[in-house]
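*Asks:* Dropping a structure here in structure tokens format, bear with me for questions.
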Amino acid sequence: MDCKRIALVAHDARKRDLIAWIGANIAALDGHLFWATGTTGRLVREAHPSLDVTSLKSGPLGGDQQIGAMIAEGRIDLLVFFVDPMTAQPHDVDVKALTRLATLYNIPMACNEATADMVVSSPLFSDGYCPRPVDFAAHDSRSV
């Protein structure tokens with residue numbers, strides 16, 4: 001098994017859903033490394049103490065940005081972010097920045113349970129899949 005570095009984020013209304021999803025997929029997730037925003041990390045550790053979860057700051061206090069920085073540094077392989085589309089988020093710009101970075105750096109991102117199920121049930125999840133590296137040479141060498 002290829003050890004994945006997985007970021008976990010969930011809006012307040014979706015935290016219970018994320019905890020339940022992890023429980024339903026604990027066999028596939030066991031042995032991987034996790035980073036999570038503040039409260040999400042604490043709740044995941046309480047519900048699933050066998051998982052290696054490092055808590056960062058709460059999302060509104062910079063946790064989303066911490067995960068974004070880890071993505072930009074190549075330190076995250078998968079973002080599981082259970083989004084609440086029905087509630088306005090006070091830190092919406094941070095949420096958008098995080099999802100933009102996951103897209104930009106070509107890492108898998110699951111924003112709901114169905115997508116997260118597809119990701120962890122795929123043979124690529126355990127077979128050492130490595131996404132195509134992103135080449136920013138053209139961007140870096142552009143004239144301003």
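The values are calculated or read from the model by the stated rules, or taken from the named source; none is laboratory data. All figures in this text were calculated on a predicted structure; none of them were measured in a lab. When we count neighbours, we look across all protein chains shown, and the Cβ atoms used for this are built from the backbone with ideal geometry, even at glycine.
*Asks:* So, in the range 106-138, exactly how many residues are more than 14 Å from Leu29 (Cα to Cα) and among the hydroxyl-bearing types (Ser, Thr, Tyr)?
*Replies:* 2
*Asks:* A further question follows. Could you grab me the full set of residues in the range 22-47 that are under 23 Å from Arg75 (Cβ atoms) and touching an Asp or Glu at 6+ places or on another chain (Cβ under 9 Å)? Spell out the reasoning first.
*Replies:* As a first pass, look at the range 22-47 and keep what is under 23 Å from Arg75 (Cβ atoms): 22, 25, 28-45.
The answer is Asn25, Gly31, His32, Leu33, Phe34, Thr37, Thr39.
*Asks:* Next up: If a residue has to be assigned to a helix (DSSP H, G or I) and in contact with a His (Cβ under 8 Å, 6 or more places away or on another chain) to count, how many in the range 1-21 make the cut? Give the steps one after another, and end with the answer.
*Replies:* So in the range 1-21, the residues assigned to a helix (DSSP H, G or I) come out as 12-21.
Then drop every residue that is not in contact with a His (Cβ under 8 Å, 6 or more places away or on another chain), which leaves 19.
Number satisfying all stated conditions: 1.
*Asks:* How do the pairs read when you match residues in the range 118-144 that are among the β-branched types (Val, Ile, Thr) with residues anywhere that are in a loop (DSSP other than H, G, I, E, B) and modelled with pLDDT of 85 or more, using Cβ under 8 Å and keeping only pairs 6 or more apart or on different chains?
*Replies:* These pairs meet every condition: Val119/Pro108; Val120/Asn25; Val134/Tyr105; Val134/Asn106.
*Asks:* May I pose another question? When Arg75 is evaluated against the numbered criteria (1) surrounded by 18 or more Cβ atoms within 10 Å (Cβ to Cβ); (2) in contact (Cβ under 8 Å) with a residue 60 or more places away in the chain, which criterion, by number, is the only one it fails?
*Replies:* Only one criterion in (1) surrounded by 18 or more Cβ atoms within 10 Å (Cβ to Cβ); (2) in contact (Cβ under 8 Å) with a residue 60 or more places away in the chain is unmet by Arg75, namely (1).
*Asks:* Still on this structure, please answer the following. List pairs: first in the range 96-117 and in contact (Cβ under 8 Å) with a residue 12 or more places away in the chain and polar (S, T, N, Q), second assigned to a helix (DSSP H, G or I) and surrounded by fewer than 20 Cβ atoms within 10 Å (Cβ to Cβ), Cβ under 9 Å, 6+ apart or cross-chain?
*Replies:* Between residues of the range 96-117 that are in contact (Cβ under 8 Å) with a residue 12 or more places away in the chain and polar (S, T, N, Q) and residues that are assigned to a helix (DSSP H, G or I) and surrounded by fewer than 20 Cβ atoms within 10 Å (Cβ to Cβ), the close pairs are Asn112/Asp17.
*Asks:* Now for a different question. Go through (1) closer than 16 Å to Leu8 by Cα; (2) acidic (Asp, Glu); (3) under 17 Å from the mean Cα position of the chain (by Cα) for Asp92 and report which single condition fails.
*Replies:* (1)
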